[in-house]
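Following: one structure in structure tokens, then a few remarks.
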Amino acid sequence: MTDMGLAVRSLEKSFGGVIAVNNLNFDLPVGQLLALIGPNGAGKSTSFNILNGQLKPTSGTVKFKGVELVGLSPKEIWRHGVGRTFQITATYASMTVCENVQMALLSYHRRLYSLLPIAARLYREEALALLEHVGMVDQENRPCSVLAYGDLKRVELAVALANNPTLLLMDEPTAGMAPKERIELMALTNKIVNERGISVLFTEHDMDVVFTHADRIIVLDRGTLVAEGTPEEVRNDEHVRRIYLGSHHA
Ligand code: ADP
Ligand code: MG
């Protein structure tokens, strides 16, 4: 177990009689892209929501850089450097690409949203640098509402990066994207992970994307971890083959 990474131990979550997460154990070392896969209802989103503080586990521990995250609020967990991608909602869609990233930077730097009139200048350089990172600097003045879907996803990634996370949680980041866009978004994520030395935990339905971009993969089935390893190891795993037999999707 590494002191700097994420360590999940004996994690359990029940909803009434349903055991959504059953004695889950895994490590995520710094700088790794870890994919969490499994069929619908396997417990992926439940696990994510425990990690980001939206759900309390029934039992178990989640240590990040040696700090216990169980019991902390989502905001406190966010302050510890655990970021997540959010969908840009209607309220923010009328703002430009650059403004959205500036707002996220303001929040990160704990400024008040009421400072928005002067925020036009605040963090502009920093916002543009992030947009450069995700390849969206040329569209900085466009409202998010007019962006192509894949471009919007890249802005959402820049917004998540504004919090300077050391661990980024992405639950189905490529949902609704065309296959080519999926590959591009995860290739971009891969590049950023390498450049910034951050860790990523993501779920993804497209097995091509998972096997191409994940450093390691963990597989859940009905709440239980049934396989883990490199893409090569997981691809050849008996149990995984059985789960995914005859289907390209999770
Ligand atoms: P996945 O994201 O892998 O599709 P989920 O974590 O959403 O799976 O769900 C795991 C199991 O927990 C499912 O059986 C689901 O019905 C159940 N579940 C998830 N959230 C709740 C909830 N809030 N209340 C009751 N049952 C839930
Ligand atoms: Mg889910």
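Sub-7 Å Cβ pairs linking a first residue in the range 39-63 that is in the same structural domain as V21 (by TED's automatic domain parsing) and within 12 Å of ligand 1 (Cβ to nearest atom) to a second residue that is outside any strand (DSSP E or B) and basic (K, R), at least 6 apart or interchain, are A42/R222, ordered by first then second residue.
Taking the numbered list (1) outside any helix (DSSP H, G or I); (2) within 17 Å of the chain's Cα centre (by Cα); (3) without any contact (Cβ under 8 Å) to a residue 12 or more places away in the chain in turn, P173 passes all entries but (3). Put simply, of A90, A42 the only residue that is buried (at least 18 other Cβ atoms within 10 Å of the Cβ) and hydrophobic (A, V, I, L, M, F, W, C) is A42.
For beta carbons closer than 7 Å, sequence separation of 6+ or different chains, a first residue in the range 131-146 that is assigned by TED's automatic domain parsing to the domain that holds E99 and a second that is surrounded by fewer than 15 Cβ atoms within 10 Å (Cβ to Cβ) and assigned to a loop (DSSP other than H, G, I, E, B), the qualifying pairs are P143/S94; S145/S94.
Would you check if E126 is surrounded by fewer than 21 Cβ atoms within 10 Å (Cβ to Cβ), away from ligand 1 (no atom under 16 Å from the Cβ) and at pLDDT below 95? Break it down into steps so the answer makes sense when it comes.
Numbers: surrounded by fewer than 21 Cβ atoms within 10 Å (Cβ to Cβ): yes; away from ligand 1 (no atom under 16 Å from the Cβ): yes; at pLDDT below 95: yes.
Yes; evaluated as a whole, the condition is true for this residue.
Against the criterion of being at pLDDT 95 or above, within 16 Å of ligand 1 (Cβ to nearest atom), open to solvent by less than 50 Å² (accessible area, probe 1.4 Å) and outside the structural domain of L122 (by TED's automatic domain parsing), L72 does not qualify. Screening H80 against (1) more than 16 Å from ligand 2 (Cβ to nearest atom); (2) in contact (Cβ under 8 Å) with a residue 40 or more places away in the chain; (3) open to solvent by 10 Å² or more (accessible area, probe 1.4 Å) leaves a single unmet condition, (2).
Within the range 176-204, being outside any helix (DSSP H, G or I) and open to solvent by 20 Å² or more (accessible area, probe 1.4 Å) holds for G176, A178, G197.
Yes or no, residue by residue, for (1) of a type outside the set (S, T, N, Q); (2) over 29 Å from A158 (Cα atoms); (3) more than 16 Å from ligand 1 (Cβ to nearest atom); (4) in the same structural domain as G5 (by TED's automatic domain parsing):
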position	(1), (2), (3), (4)
K180	yes, no, yes, yes
E184	yes, no, yes, yes
R196	yes, no, yes, yes
F202	yes, no, no, yes
M207	yes, no, no, yes
T212	no, no, yes, yes
G223	yes, yes, no, yes
D237	yes, yes, yes, yes
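Filtered by the rule that a residue be at negative phi and part of a loop (DSSP other than H, G, I, E, B), the range 205-247 gives H205, D206, A214, D215, T230, N236, D237, L245, S247. Here is the figure for the range 21-38: residues that are part of a strand (DSSP E or B) and either open to solvent by less than 30 Å² (accessible area, probe 1.4 Å) or near ligand 1 (Cβ under 8 Å from one of its atoms) (or both) total 9.
The values are calculated or read from the model by the stated rules, or taken from the named source; none is laboratory data. The model shown is predicted, which means the values in this text are computed figures rather than measured ones. In this analysis, Cβ positions are derived from the backbone assuming ideal geometry, glycine residues included, and neighbour counts consider all displayed protein chains. Surface areas here come from the heavy atoms of the whole protein model, side chains and all, with no ligands, DNA or RNA. Shrake-Rupley method; radii C 1.70, N 1.55, O 1.52, S 1.80 Å.
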